[in-house]
1. So, in the stretch 311-360, how many residues would count as being assigned to a helix (DSSP H, G or I), within 26 Å of the chain's Cα centre (by Cα) and of a type in the set (G, A, S)?
2. Among the residues of the stretch 23-42, which ones are hydrophobic (A, V, I, L, M, F, W, C) and closer than 16 Å to S198 by Cβ?
3. Using beta carbons and a limit of 8 Å, which pairs, at least six apart or on different chains, have the first residue in the stretch 3-19 and assigned by TED's automatic domain parsing to the domain that holds A48 and charged (D, E, K, R) and the second one surrounded by fewer than 21 Cβ atoms within 10 Å (Cβ to Cβ) and in a loop (DSSP other than H, G, I, E, B)?
4. If the Cβ limit is 6 Å and pairs must be 6+ apart or interchain, which residue in the stretch 329-344 that is more than 20 Å from A264 (Cβ to Cβ) pairs with which residue that is assigned to a loop (DSSP other than H, G, I, E, B)?
5. Is it true that some residue in the stretch 367-375 is within 19 Å of T279 (Cα to Cα) and surrounded by fewer than 20 Cβ atoms within 10 Å (Cβ to Cβ)?
6. I need the full set of residues from the stretch 191-227 which are among the β-branched types (V, I, T) and under 18 Å from I7 (Cα atoms), in order please.
7. Please go through the stretch 73-110 and pick out each residue that is modelled with pLDDT under 90 and small (G, A, S).
Amino acid sequence: MRFADTIGNPEAITALRQMVDSRKIPHAMLISGPAGIGKMQLARAFTAYLNCSNRINGDSCGICPACRRIEACNDPDIHYIYPIHKKAKTHTLSTHYAEEWKKMLHDSPYMSLPHWNALLDAGNSRPMIYVDEADAIAAAAAMSTLTDDYKVFIIWLPERMNAEAANKLLKVLEEPYEDTIFVAVSNQPDLILPTILSRMRRIEMRPPDINTVEKALIARGVSIDSARQAAMTAQGSLLKAFEALGNGGETAEFNSSFQDTMRAAYARNAVAGKKFSETAAALGREKIIRMLEYFARMVRENFIANMRIGILNSMDSSQQQFAARFAPFINAANVEMLLEETDRASADIARNANARLVLFDYFLKLMIALHRGNPRR
């Protein structure tokens with residue numbers, strides 16, 4: 001993993017590179033920003049640059065022993081800590097799930113939480129970082145390096161440390177070893193223990209703009225049209241951009257559902273609404289949330305089409321064909337309600353509410369909203 005493999009955020013790359021080049025490396029740093037924008041990739045690229053024996057033009061070489069070990073996730077001086085699903089008292093450490101973690105880095109490098117939960121077979125439980133992990137960190141930090149100049153602890157989602165683990169880690173950070181560096185990768189830094197947060201140098205990452213994502217996808221062999229559509233869909237989330245490219249069938253499925261549901265809601269067809277709620281409920285929580293995210297995007301796109309702001313529109317031909325008739329029904333009188341009700345349904349599904357009831361209630365709200373500011377009245 002090299003800086004050249006990351007997308008966007010040149011300021012963050014420059015800051016990390018300068019730390020290493022000047023040999024002024026903080027013992028603890030935090031790479032933070034929204035989910036799905038490449039924070040873990042940047043943390044791994046920094047670790048490779050830090051330990052690379054043959055840096056070239058401000059980047060790691062990618063071929064020296066240290067680079068190869070880090071890329072393969074088998075460097076004994078690089079420790080990954082991440083939330084786990086505690087299945088038994090003996091399975092409380094990240095190392096117990098090392099194979100699942102390697103698969104995660106390979107299959108979902110932009111760190112999809114649903115994918116990680118599926119790999120852990122966590123079900124509806126919320127993976128956490130437990131106190132045994134902090135004890136293991138303290139023990140490993142006290143040991144000498146085996147192959148590299150530095151020991152690096154990369155902590156994914158430190159906000160998921162339980163209180164006991166966080167307080168024990170704080171003691172390690174208060175008395176750091178000279179050759180030990182902590183790199184935390186966080187989606188929600190405001191949830192980290194404040195005394196830990198105060199000891200970390202913060203590197204803030206931002207979602208890359210649409211043009212940056214589009215160019216990166218094209219450079220990876222994606223067609224111009226597909227890259228543009230995926231970049232517009234993702235709105236800065238590299239995770240969503242790559243998922244959009246890999247889920248063409250799912251996008252078509254959601255598009256059909258959106259169109260059928262909106263037609264039925266406008267027609268006040270409660271029977272069709274009941275069928276929608278039952279069919280969609282069977283998709284499972286994560287897919288329902290993705291479907292509702294798609295619905296929200298299509299509401300915004302149709303509102304933009306209604307306002308005739310073509311330069312901001314990113315619909316494909318099928319979506320545009322539907323919007324030609326439907327867009328006038330998404331207007332200033334109802335767009336806010338439509339988006340609020342879609343977000344509310346998504347949040348309720350995420351909290352494990354009864355999906356069938358949530359979705360039928362959502363359909364009823366669509367019926368009301370679509371007749372606000374009705375252009376045919």
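1. Residues flagged as assigned to a helix (DSSP H, G or I), within 26 Å of the chain's Cα centre (by Cα) and of a type in the set (G, A, S) within the stretch 311-360 amount to 5.
2. Correct list: A28, M29, L30.
3. Filtered contacts from the stretch 3-19: R17/G58.
4. Within 6 Å, the pairs are A333/R372; A333/G373.
5. yes
6. I203, I210, T212, V213, I218, V222, I224 - these are the residues of the stretch 191-227 that are among the β-branched types (V, I, T) and under 18 Å from I7 (Cα atoms).
7. A88, S108 - these are the residues of the stretch 73-110 that are modelled with pLDDT under 90 and small (G, A, S).
Table: residues versus (1) in contact (Cβ under 8 Å) with a residue 60 or more places away in the chain; (2) loosely packed, with under 15 Cβ neighbours inside 10 Å; (3) among the charged types (D, E, K, R); (4) in contact with a Gly (Cβ under 9 Å, 6 or more places away or on another chain).
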site	(1), (2), (3), (4)
S226	no, no, no, yes
T233	yes, no, no, no
G236	yes, no, no, yes
L245	no, no, no, no
E253	no, no, yes, no
T261	yes, no, no, yes
A267	no, yes, no, no
V271	no, yes, no, no
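The values are calculated or read from the model by the stated rules, or taken from the named source; none is laboratory data. This structure is a prediction, so every number in the text was calculated from the model and none was measured. Counting neighbours? That spans all protein chains shown, and the Cβs are built from the backbone with ideal geometry, glycine included.
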